[in-house]
There are 2 protein chains.
Amino acid sequence: MTIKDIAKISGVSVSTVSRVLNNHPDVSEDVRRKVMAVVEEYNYIPNNSARSLGQSKSDNIGLIVRGISNPFYTSIIHEIEQDIEKAGYTLVMQQIGATEDELLAGAMMERDKRLLGLIFLGGRLDYTKEQIAAISVPFVSCSSNNAYGSLDDTCYSSVSIDDTQTAYEAVKELYKEGHRRIAVLLARPDDGSVSQIRYEGYVKALTEVGMVPTEDLIMSVDSYNIADAYHGTKAWLDKGIAFDAIFAIADNLAMGAMRALREKGIIVPKDCSIVAIDGIEVSEYMAPALSTYCQPMEELGKTSVDLLIDLIEKKGEHRQIILPTIFREGETIAVR
Amino acid sequence: MTIKDIAKISGVSVSTVSRVLNNHPDVSEDVRRKVMAVVEEYNYIPNNSARSLGQSKSDNIGLIVRGISNPFYTSIIHEIEQDIEKAGYTLVMQQIGATEDELLAGAMMERDKRLLGLIFLGGRLDYTKEQIAAISVPFVSCSSNNAYGSLDDTCYSSVSIDDTQTAYEAVKELYKEGHRRIAVLLARPDDGSVSQIRYEGYVKALTEVGMVPTEDLIMSVDSYNIADAYHGTKAWLDKGIAFDAIFAIADNLAMGAMRALREKGIIVPKDCSIVAIDGIEVSEYMAPALSTYCQPMEELGKTSVDLLIDLIEKKGEHRQIILPTIFREGETIAVR
DNA sequence: CTGAAAGCGCTTACAG
DNA sequence: CTGAAAGCGCTTACAG
């Protein structure tokens, strides 16, 4: 069943069917009704590949989301959907796996869907100017910036929190409450990822108060998985190193650690305080509830869309926007 | 940059470029190298819409996933990806929102991508024969069956657990451990969804032991959100109804309830036992760890793929496969 | 308001 | 091994 069949059955031309399907105003009510009746009777659905091939331009904005299971993205995506819709554009979303190339995915989508612009959610963005050249529409990176890339500020846009600063604040908070043996729980400290830049905030805070970051207080686990954090923490605890607090660079890691602590009979926060960054929903349901610095999810999404649309409509330049985090007080920080 | 440009620059025909790009064997090494050099130099990426339009058939299998944030699906999806790849097919995945029409999404994808078959993950599948007619390739519903639809067994395939039976077992377990005031926590009991069929298991178990399911022990919340479960439970607790256990029809609901209980000073499992169904990862990290009946995620995925491929290759008929759940013992069931 | 025709960027028999 | 040409299913000026 193609548009040709519908045309034949309705007794009109293919052009007319196309007009009806696309709600063009210049079709008589009579013909419109007739065509729609056939369309419904035969349950006709246009081929989108053909449609986007035929179109010379679209009103599509692409969203590439890295990491299918990250609960952290859910509300950001929702916000982005809403705002793009509201602005009169159409969202085309695609999820990619942790190991896939987001730039390639974006470049492909750009061609296939004739995108006007792109948003990358949760990408790494430690790219070079050459790599970025693969995509030729405006784009903004949401929730991560180019902290470890070599791009200058005039050639990309991003909306994110200040990871280092937030980590710095979190650790300072622990210090202020009297903690002096603060361990850091992270995933691969040298992968140019968020793990690394948050770790730098930890180091900065310790250094500032005259403490020396030591190797033995670094708990490095394999991934951001809750299970890996659990096993990693357990192994670290077996070393018997003294500590009175943990700064986890992500809620997910903190949740894994909490189980490990509990199994070892270490009471949070009496024996060990914990603070993290992210503010995903479920961490508030832990017992005790996790104290954490929340990313402003809705704001991240909204700001990304605004920025991109300005770029598309030539109303703005590339910018790197930093949004503040919000501390969510849970029950995992004690006063020493 | 199109295939035509590449052809011109390389000094060969469009057909030849296409052959190189698709790894056809009948191209001389010389030409292949020359073309690839140009492709790389110009960073050429083929247009997929045009590609699938041009092809008369593909080796694509579609996966429609309902509910972007459901952590329960992550490992199922991963398994499906692997198995489809292994069988020599190509996976095309799409996420849809809770309110979108999965059948429509499937039908569109079927045309756009020239699918050989489809897997629906987390759909409702309470469809009629007419509605199903929209899609004309074989498909299987993963993780939900047609319990409330009107399809006869010969026209659809599904792989799922036995929801009613599992709920029945869960409640019987609570009863066996001495609980006599068992509340049920569910989301909209009459929406033809999994909530309803699990609720029936609850009723069946109570009835079997001579207890009468009463209205006051039904905690019905708005959605499967953890937050809704939390608020709903809190409101229900305010009524002051006596109870000694909760059967939650989903882990997510149980987690929300646990926080509400804790805030009211009700100790789990001393004052109230809890058992749920699903077995998502994070519920094992609650304190206390949730006791729950796990869906066999990998098995669900694997079996769906096997079934679909048999259907595609005409080696099998439509079947409805029921997989057993596995009880994960946590710390939320006490003996009364 | 409607239709014929060109074109979107590919693939794929068909010849050679 | 390579190329010319038709075709995939749409859209969109261009005429009328």
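The values are calculated or read from the model by the stated rules, or taken from the named source; none is laboratory data. Everything numeric here is computed off the predicted structure, so don't read it as measured data. Cβ placement follows ideal geometry from the backbone for every residue including glycine, while neighbour counts extend to all protein chains displayed.
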Looking at the structure I just gave you, is B:D83 free of Cβ contacts under 8 Å to residues at least 12 places away in the same chain and away from every other protein chain (no Cβ under 12 Å)? no
Hey, could you check the range B:132-158 for residues that are surrounded by fewer than 20 Cβ atoms within 10 Å (Cβ to Cβ), modelled with pLDDT of 85 or more and touching a helix residue (DSSP H, G or I) at 6+ places or on another chain (Cβ under 9 Å) and say which is farthest from B:Q320 (Cα to Cα)? B:A134
Hey, can you tell me all the residues within the range A:89-98 that are more than 9 Å from chain B (Cβ to nearest Cβ), surrounded by fewer than 17 Cβ atoms within 10 Å (Cβ to Cβ) and part of a loop (DSSP other than H, G, I, E, B)? A:A98
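Tell me the residue from B:P25, B:P46 that is at the interface with chain A (Cβ under 10 Å from one of its Cβ atoms) and surrounded by fewer than 21 Cβ atoms within 10 Å (Cβ to Cβ), please.
Working: B:P25 fails: at the interface with chain A (Cβ under 10 Å from one of its Cβ atoms).
Result of the check over B:P25, B:P46: B:P46.
Only one residue in B:I9, B:I45, B:I64 is of a type in the set (A, V, I, L, M), under 25 Å from B:F139 (Cβ atoms) and more than 10 Å from DNA strand D (Cβ to nearest atom). Which one?
Numbers: B:I9 fails: under 25 Å from B:F139 (Cβ atoms); B:I45 fails: under 25 Å from B:F139 (Cβ atoms).
Of the residues listed, the single one that is of a type in the set (A, V, I, L, M), under 25 Å from B:F139 (Cβ atoms) and more than 10 Å from DNA strand D (Cβ to nearest atom) is B:I64.
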Conditions first: (1) more than 30 Å from A:L53 (Cβ to Cβ); (2) more than 16 Å from the chain's Cα centre (by Cα); (3) of a type outside the set (S, T, N, Q). B:R114 passes all but one, so which condition is the exception? (1)
Which members of the range A:105-160 meet the condition of being β-branched (V, I, T) and not in a helix (DSSP H, G or I)? A:I119, A:T128, A:I135, A:V137, A:V140, A:V159
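Given the criteria more than 8 Å from DNA strand C (Cβ to nearest atom) and either surrounded by 14 or more Cβ atoms within 10 Å (Cβ to Cβ) or within 14 Å of another protein chain (Cβ to nearest Cβ) (or both), does A:T2 qualify? Show your work before the answer.
Working: more than 8 Å from DNA strand C (Cβ to nearest atom): yes; either surrounded by 14 or more Cβ atoms within 10 Å (Cβ to Cβ) or within 14 Å of another protein chain (Cβ to nearest Cβ) (or both): yes.
Spelling it out, A:T2 is indeed more than 8 Å from DNA strand C (Cβ to nearest atom) and either surrounded by 14 or more Cβ atoms within 10 Å (Cβ to Cβ) or within 14 Å of another protein chain (Cβ to nearest Cβ) (or both).
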For residues in the range A:53-88 being under 29 Å from A:S144 (Cβ atoms), surrounded by fewer than 22 Cβ atoms within 10 Å (Cβ to Cβ) and small (G, A, S), which is nearest to DNA strand C (Cβ to nearest atom)? A:S58
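Quick check on this structure: which one of B:A250, B:A287 is within 14 Å of chain A (Cβ to nearest Cβ), small (G, A, S) and touching an Asp or Glu at 6+ places or on another chain (Cβ under 6 Å)?
Details: B:A287 fails: touching an Asp or Glu at 6+ places or on another chain (Cβ under 6 Å).
Answer to the check: B:A250.
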Considering every residue within the range B:28-40, establish whether at least one is over 18 Å from the mean Cα position of the chain (by Cα), away from DNA strand D (no atom under 12 Å from the Cβ), in the same structural domain as B:G122 (by TED's automatic domain parsing) and within 28 Å of A:N47 (Cβ to Cβ). no
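Pick from B:V305, B:V275: which is assigned to a helix (DSSP H, G or I), surrounded by 22 or more Cβ atoms within 10 Å (Cβ to Cβ) and away from chain A (no Cβ under 13 Å)? Steps first, answer last, please.
Details: B:V275 fails: assigned to a helix (DSSP H, G or I).
Criteria check complete, one pass: B:V305.
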I'd like to verify a number: residues in the range B:15-32 that are aliphatic (A, V, I, L, M) and either more than 8 Å from DNA strand C (Cβ to nearest atom) or farther than 19 Å from A:D112 by Cβ (or both), how many? 3
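Could you pull out the residue among B:A183, B:A205 that is more than 30 Å from B:I309 (Cβ to Cβ) and part of a helix (DSSP H, G or I)? Outline the logic, then answer.
Details: B:A183 fails: part of a helix (DSSP H, G or I).
Sole residue among the options that is more than 30 Å from B:I309 (Cβ to Cβ) and part of a helix (DSSP H, G or I): B:A205.
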